[in-house]
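Accompanying notes for the structure given below.
The values are calculated or read from the model by the stated rules, or taken from the named source; none is laboratory data. Because the structure is a prediction, the values reported are computed rather than measured. Positions of Cβ are generated from backbone atoms using ideal geometry, with glycine treated the same way; all protein chains shown enter the neighbour counts. To get the accessible areas, we keep the full protein, side chains included, count just its heavy atoms, and leave off ligands, DNA and RNA. Shrake-Rupley method; radii C 1.70, N 1.55, O 1.52, S 1.80 Å.
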Amino acid sequence: MSEAHGTGANGPIVVLTGAGISKESGLDTFRDKGGIWEKVSIEEVATPEAFQANPERVQQFYNDRRRQLTQDRPEPNAGHTALARLAREWPGEVLVVTQNIDDLHERAGQDNLIHMHGELRKARCTDCAAVVAWDDDLAPATGCPHCDTGTLRPHVVWFGEMPFQMERIFDALQRCGLFISVGTSGSVYPAAGFVQEVLRGGRARTVELNLEPSDGSVLFHESRHGPASEVVPAFVDDLLAGRIEL
Ligand code: APR
């Protein structure tokens, strides 16, 4: 492993994941055929304006998805568990940045993890900004358990809002020696721009593991196309066996 690539002790592997890694666990993607945005529009349920105009509708959209997570209990698949294995067995840091708001990475044992678009099983107070674990339905009048004056919204990043922990993410992208993109269409920024940020550093290898070429496929040194439950474990095996030239 060449230190020059910084993938030894001094440079992390950064993995970006999207809805595709959770598809085989039974959770819908957004832009595939039959995806979430084919059934409901972003403007109706995933913007601050939508929440202002019709809070019941927005809360119901996330209540339905939260129930799917807490009642149907989808299981992490081999893609999630392979990334958790990589973090355990790799000699340097592995940071997973997920666009997903499900908890499948955690349940697979991933701990160095950033939910840049928030988390479905958390709620945030519109007054004091306290974030609380929340598995029940939310209604517009659901009160904040911390400040008693505010009401709770989904702790999810809507279109037009700033994703979480961007400074920490960009720091890792600039230091990383290997960037892996899994199960994302590469169509929503800032996540879609992460690969360019890595390439700007000029020394990291970029790899796409996706069912089919994403919008940014040409920007990756290597692409492996297939279901995450197959291509992610296979890539992790190759990486840990030293079969990937970094
Ligand atoms: N294995 C691997 N990849 C898959 C699989 C699978 N089994 N099934 C689908 N995919 C791929 C699709 O080919 C597609 O490229 O996953 C990608 C899913 O793309 P999107 O539905 O656009 O989801 P994502 O990229 O995560 O969306 C980004 O957009 O709407 C917002 O906040 C939302 O976080 C989401 C963001």
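How about region 129-206: which GluC sites (Glu not before Pro) there lie in a loop by DSSP and see at most 16 other Cβ atoms within 10 Å?
When the GluC sites (Glu not before Pro) of region 129-206 are filtered for loop state and at most 16 Cβ neighbours within 10 Å, E161 remain.
In whole percent, and with a 1.4 Å probe on the protein chains, what portion of the accessible area of region 7-90 is carbon and sulfur?
On region 7-90, the fraction of accessible area on carbon and sulfur atoms equals 47 percent.
Compute all pairwise cysteine Cβ distances in the chain, then list the cysteines with no distance under 4.7 Å to another cysteine.
Lone cysteines by the Cβ rule: C176.
Express the relative contact order of the chain as a whole percentage, based on alpha carbon pairs under 8 Å and six or more residues apart in sequence.
RCO, the chain: 25 percent.
Return one number: the angle in degrees, 0 to 90 and rounded to the nearest 10, between the long axis of the Cα atoms of helix 228-240 and the longest principal axis of the Cα atoms of the chain.
That helix lies at roughly 40 degrees to the long axis.
Helix 55-71 versus the longest principal axis of the chain: what angle, 0 to 90°, nearest 10, using Cα atoms?
50
Work out, step by step, the length gained on full extension between E75 and R224: first 0.36 nm times the residue separation, then minus their alpha carbon distance; give nm to one decimal.
Stretched out fully, the E75 to R224 stretch lengthens by 51.3 nm.
Go ahead and run the numbers for FRET between D171 and R57, Cβ-Cβ distance against an R0 of 41 Å, rounding to 0.05.
So, using R0 = 41 Å, E works out to roughly 0.65.
In the neighborhood of T81, defined by Cβ-to-Cβ distances under 11 Å, what is the net charge if each Lys or Arg adds +1 and each Asp or Glu adds -1?
Surrounding charge for T81 is +2.
Decide, for region 61-127, between rounded, prolate and oblate: order the square roots of the alpha carbon gyration tensor eigenvalues as a ≥ b ≥ c, take rounded if a/c falls under 1.5, and otherwise choose prolate if a/b is larger than b/c, else oblate.
oblate
Which trypsin sites (Lys or Arg not before Pro) from region 174-246 combine a DSSP loop assignment with at most 10 other Cβ atoms within 10 Å?
When the trypsin sites (Lys or Arg not before Pro) of region 174-246 are filtered for loop state and at most 10 Cβ neighbours within 10 Å, R243 remain.
Search the structure for amide H atoms under 5 Å from the amide H of T206, placed 1.01 Å from N in the peptide plane, and list their residues when 5 or more places away or on another chain.
Amide H neighbours of T206, under 5 Å, 5+ apart: F179, H221, E222.
Run down the aspartates and glutamates and flag those whose C-alpha is under 18 Å from the C-alpha of K23, throwing out any fewer than 8 positions away in its chain.
Hits, sequence-local ones excluded: D32, E38, D64, D72, E75, D102, D103, E106, E119, E208, E212, E230.
Determine the sum of side-chain charges near V94: Lys and Arg each +1, Asp and Glu each -1, restricted to other residues whose C-beta is under 12 angstrom from that of V94.
-1
When ligands, DNA and RNA are left out and all protein chains stay put, how many square angstrom of accessible area per residue does region 129-226 have with a 1.4 Å probe?
Value returned for region 129-226: 47 Å² of accessible area per residue.
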